[in-house]
Each structure stands twice: as C-alpha cells, then as structure tokens.
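Report on one structure; see the data block that follows.
The values are calculated or read from the model by the stated rules, or taken from the named source; none is laboratory data. Small disclaimer: the values here were computed from a predicted structure and weren't measured. No Cβ is skipped: glycine too gets one built from the backbone with ideal geometry, and neighbour counts run over all protein chains shown.
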Amino acid sequence: MRHIVTRFLVAVVFALLTVVPVACATSVSASATVGPASVVAVEQPTTTPNPTAPTGPNLTPEQQSERAKQKLVIGVLAVLLLGIVIGGRTVRRRIRKKKSGAVSS
C-alpha cells in the first residue's frame, strides 16, 4: 500500500511540474554565492526598463487558449507515460517474483 501512495504522489508532483509553469530563478542573491571569505560580493545597480521598449509578444485570447490547450495535452501525455512506466515496473516485479518463487521451491 505504501508503494502505491508513493507512486501516486510522484505522479501528482510530476503532473503539476509539467502543467504549472515554474518560475525561473535567474536572479541569485549575493549571499547565495560560495567563495573565499576575503571576496566581497557587490550588488549591481538596478536599471529601470525603458518605457518605450517593447514588453514582449502580445498574445490574443485565441493564442492564449491554444497555448493552454497545448500545455494540458503535454501534461496529460506526461502523466500517461509515467503511468506506463510505473505499470511496466509493477508487471516486471510480479514476473520476477513468480520466477524466483518457482525456482526456489
């Protein structure tokens, strides 16, 4: 029973990671860097973005819904593939137990 719960939790976490976008951790604080004690990290001054600069692609509601559908399909496929892998491992384990039980008897 414990294995089933563990596998289910792994499948849920995997599905969430594939469906829900993960925020990029591109900014690393100066305190997170590892180095010699004599080196002092200096934080770079922040620059304000130019108000006339483009903010990025503007997606229409149709494009946004298509993208959401794509993410959903990819997530469902990922969960199905994970299920196939877990099911295959379970079947292989059962076959292995049958063979080892028949040989030792």
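Structure above, values below:
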quantity: Every residue from the stretch 58-79 that is part of a helix (DSSP H, G or I) and more than 18 Å from V12 (Cα to Cα); calculated: P61, E62, Q63, Q64, S65, E66, R67, A68, K69, Q70
quantity: Residues of the stretch 43-79 that turn out to be at pLDDT 80 or above, surrounded by 10 or more Cβ atoms within 10 Å (Cβ to Cβ) and over 22 Å from the mean Cα position of the chain (by Cα), as a count; calculated: 1
quantity: Test: residue in the stretch 80-89 that is modelled with pLDDT of 65 or more, under 19 Å from L9 (Cα atoms) and of a type in the set (D, E, K, R); calculated: yes
